[in-house]
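First up is the structure itself, then whatever we jot down about it.
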Amino acid sequence: MQVFDIFLLEAVVNGILLGGILALLALGLNLVFGVIDVVWICYAELIMLGMYAVYYGHNVFGWPLWLALVFGVAVVAVLGALLHQFVIRPVLAAEPINQLLVTGGVLFFLQAVATLAFGIEFKNIGIRLPQLSVGEMYLSVARLIAFLVALAGMIGMYLFLTRSYLGTAIRAISQDRAIMPLMGVNPNRIFLITSALGGGLAGLAACLLVLQYDIHPAIGLTFGPITFMVCVMGGLGNMIGGFIAAFIFAQFISVGGFFLHIEWGYVIAFVFFIGMMFWRPQGILGSK
Amino acid sequence: MLSVSDLTKVFGGFTAVSNIAFEVKEGEILGLIGPNGSGKSTTFNLISGALAPTRGSIRFGGEDIAGLPANRIAHRGIARTFQIPRPFRRLSILDNVALAAFYGHAEHPAREKAYAYAREVLKLVNLPSDPAARVDGLGAAGLKKLELARALATGPKLLLADESLGGLDESEMNQAADMLAAIRKERGITIIWVEHIMGVLMRVVDRCIVLDYGEVIAEGRPDEVAHDPKVIEVYLGTDAADVQKTVADRAT
């Protein structure tokens, strides 16, 4: 019985660590949706490109890892801004379905471009972090780092949004976009900055995922659906809701996987999600 | 300071504003009046840059600002309030105003300076400036004050005030009108005021412009406008006698 409890505890702790990375994944998407009111369906593909950026920086150009990671964040931040300027901006006033379709188109475009440019073979940066043993539990150091960075990223984002003028403007523009110019604010500039920030958060997620997963052009499909589900369950655009939902989801996956089989963890989490859509379609903290 | 000429705005087949021309002198309070749909709000939207004119020029301080983006016009020194207040409800009262103080000036001031300016403006309109004061606690009069404070915080030379009195009781109305007069007097801000409550407007404005179907049909001092047969016919109607009395009381 003693051993059983330790393994369960290990599953719970691993779930918490997984929750951190899910929360970070959700943060960028929620920021963009909350402020610009557009869902980047291609969000996980930006992460995929960020992972390739780290790989190319470190393994092809031979840069030190830290520089490759910074490069990864920067590349995705720029991609976020470009996505806004050239894809989102022209459809800002369009129907939501058109916005979804156009970013959905970008998803397949990015996958195809990645396949063309990088090939379909799996790549990895060749760094495997050890397992950490705490008592009788084994925890992934990569996940622990991811959890801590995700936590720091979220606290940083919170401070930025509440303590700086730019952050205040970002919160304000999410409430009333049309009135901002009267206060001397150029809305497109704020949207571009928000998109670059959202991209930067996706890039940060890419840096953490590249430590744990092999890279291939379709890897976005591994993280994309679960990121959307976390966001929707937390209430799209609601950053705190997304944060809570990430940890709930992660526990379903981790503990569910412990009791049954690892794949079952995902099945249970998705069933829970579908159930939630009947029970609280507006999300945990959603208001409508 | 503001000179509008040949200003026209066409929406599809509907001409909302047609060839209007008027001047606003520095330091005056100009009433912009007329029936619903006569083009007052469109005129405000054109001056503040929310809409680009189909034709015509808007010269402010000697430069043509017609068609500039609204944020650039705000930096030039034109602010506006809305008929229905549009505060950022999830920001504090102070943050609402400080945001305008910061971004509203072309040279963004330092953080402390913007907050100090926001506090000063809040004091002017009698709203609490403590960081914990929430927008949710404000009633109709408070929301209108906040709307005004936010416009003033951008440091305007010209204020476009849109129906600031709707939804207020009589003492609140008089207070609000006095506040506009004080803003002009103490800060030297020129004001164009769109308002339906003539009894209050006519007490404060120096001059009126009357719009009907997108055209200027009369212009002049309150007593001239109040006795203008055309204005009485299209706008004042049975209220004409009351308005004339207000204007007469003011003279004495």
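Side notes on the structure shown:
- Backbone HN-Hα couplings from phi across the range B:25-39 [Karplus 6.51/-1.76/1.60, Hz, Gly and Pro as x]: 8, 4, x, 9, 10, 10, x, 10, 10, x, x, 4, x, 8, x
- The GluC sites (Glu not before Pro) of the range B:67-139 meeting both criteria, a DSSP state outside H, G, I, E and B (loop) and at most 12 other C-beta atoms within 10 angstrom of the site's C-beta, are B:Glu107.
- By the beta-carbon count within 10 Å of each Cβ, the least crowded to most crowded order of A:Ile16, A:Ile179, A:Ile244, fewest first, is A:Ile16, A:Ile244, A:Ile179.
- Per-residue ³J(HN,Hα) for the range A:81-90, Karplus 6.51 cos²θ - 1.76 cosθ + 1.60, θ = phi - 60°, Hz, x for Gly and Pro: 5, 5, 4, 5, 5, 9, 10, 6, 4, x
- When A:Tyr213, A:Tyr43 are arranged by Cβ crowding within 10 Å, least crowded first, meaning fewest neighbours, the order is A:Tyr213, A:Tyr43.
- Shape class for the protein assembly as shown: prolate, because the ratio a/c of the largest to smallest gyration tensor axis (alpha-carbon atoms, square roots of eigenvalues) is 1.5 or more and a/b beats b/c.
- The amide H of B:Arg80, built 1.01 Å from its N in the peptide plane, has B:Leu160 as neighbours under 5 Å, considering only residues 5 or more places off or on other chains.
- For the range B:1-69, the list of GluC sites (Glu not before Pro) that fall in a loop by DSSP and count at most 14 other C-beta atoms within 10 angstrom reads B:Glu26.
- Rounded if a/c under 1.5, otherwise prolate or oblate - chain B, Cα gyration tensor axes: oblate
- Over the protein assembly as shown, dividing the summed -39,500 (n - 2.57) contributions of all DSSP H runs of at least 4 residues by the number of residues returns a 222 nm mean residue ellipticity of -18000 deg cm²/dmol.
- In degrees, nearest ten, helix A:239-259 long axis to first principal axis of chain A (Cα): 20 degrees
- Applying 0.36 nm per residue to the separation of B:Ala110 and B:Asp178 and subtracting their alpha-carbon distance, the gain on full extension is 21.3 nm.
- Here the Gaussian network model covers chain B, with springs between Cα atoms less than 10 Å apart; of B:Gly49, B:Gly214, B:Gly62, B:Gly62 fluctuates the most.
- Remark: for residue pairs B:Lys25/B:Lys185; B:Lys123/B:Lys185; B:Lys25/B:Lys230, the C-alpha separation exceeds 23 Å in B:Lys25/B:Lys230.
- Summed side-chain charge close to B:Glu170 - residues other than B:Glu170 whose Cβ falls under 15 Å, Lys, Arg +1, Asp, Glu -1: -3
- 3J(HN,Hα) along the range A:189-203: 5, 5, 5, 5, 5, 4, 5, 5, 5, x, x, x, 5, 4, x Hz, from the Karplus curve 6.51 cos²θ - 1.76 cosθ + 1.60 with θ = phi - 60°, whole Hz, x for Gly and Pro.
Any read-out appearing in this document is the output of simple, stated calculations on the displayed coordinates, not a laboratory observation. The shown structure was predicted, so the numbers you read here are calculated from the model rather than taken from an experiment. Note: ideal-geometry Cβ built from the backbone for every residue, glycine included; neighbour counts use all protein chains shown.
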